[in-house]
1. Out of the total accessible area of the chain (probe 1.4 Å, heavy atoms of protein only), what percent is carbon and sulfur?
2. May I ask for the angle, rounded to the nearest 10°, between helix 2-30 and the longest principal axis of the chain, with both axes built from Cα atoms and the value confined to 0 to 90°?
3. Would you mind checking the tilt of helix 34-60 against the longest principal axis of the Cα atoms of the chain, expressed as 0 to 90 degrees and rounded to 10?
4. What angle, in degrees between 0 and 90 and rounded to the nearest 10, separates the Cα long axis of helix 63-94 from the longest principal axis of the Cα atoms of the chain?
5. Rule-of-thumb check for the stretch 24-101: C-alpha Rg over 2.2 N^0.38 Å?
6. Which value in nm describes the separation of the simple spin-label points at E100 and L6, placed 7 Å from the Cα toward the beta carbon?
7. Per residue, what accessible area does the chain have, given a 1.4 Å probe and all protein chains present, in Å²?
Amino acid sequence: MTDLLLDLLLVVLILAGAGFALIAAIGIWRLPDSLMRMHASSKAGTLGGSLLLFAVAIGVGELDVVARALAGVGFLLFTTPIASHLIARATYLLGVPRWEGQVRDDLEGRYDLAVRICRAPARTADSAAPSPAKAEGSSTG
């Protein structure tokens, strides 16, 4: 009975991992710009790879294989967000064309390409004025 449950768990992990890897591949192929492709590959690819490594760890069951599989999952979880951020930053700095349907660019006018520094947004009159609750509590009188 436990062998059947273990086999069922392995089938579910392998199919889910392969499914997420397929979703990542389709996303890379079908999405319109580099930032969306990077998002699909990093999110779905990491989840798919992690599920497949968990299936290997459970299926083999030897301590050294489990340790290597968990190290692989940790490596994916620690490096993929950094790599995704660097890819996104490089595409923005190089001026890679973005999808026409993009409606918002949070870095527009804030990023100095000459020195590669992102400036904080300018304070508006609404955000510069203290709220009434802060003004009452700040009196020293």
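The values are calculated or read from the model by the stated rules, or taken from the named source; none is laboratory data. If you're wondering where the values come from, they're calculated on a predicted model, not measured in any experiment. Note that each Cβ is placed from the backbone with ideal geometry, even for glycine, and that neighbours are counted across all protein chains shown. When the accessible area is computed, the model is the full protein with side chains, heavy atoms only, and any ligands, DNA or RNA have been set aside. Shrake-Rupley method; radii C 1.70, N 1.55, O 1.52, S 1.80 Å.
1. Working: 7070 of 10390 Å².
That share works out to 68 percent.
2. 50 degrees
3. Once rounded, one gets 30 degrees.
4. 30 degrees
5. 1.36
6. Placing both labels 7 Å beyond Cα along the Cβ direction yields 5.7 nm.
7. Values: 10390 Å² over 141 residues.
I get 74 Å² per residue for this part.
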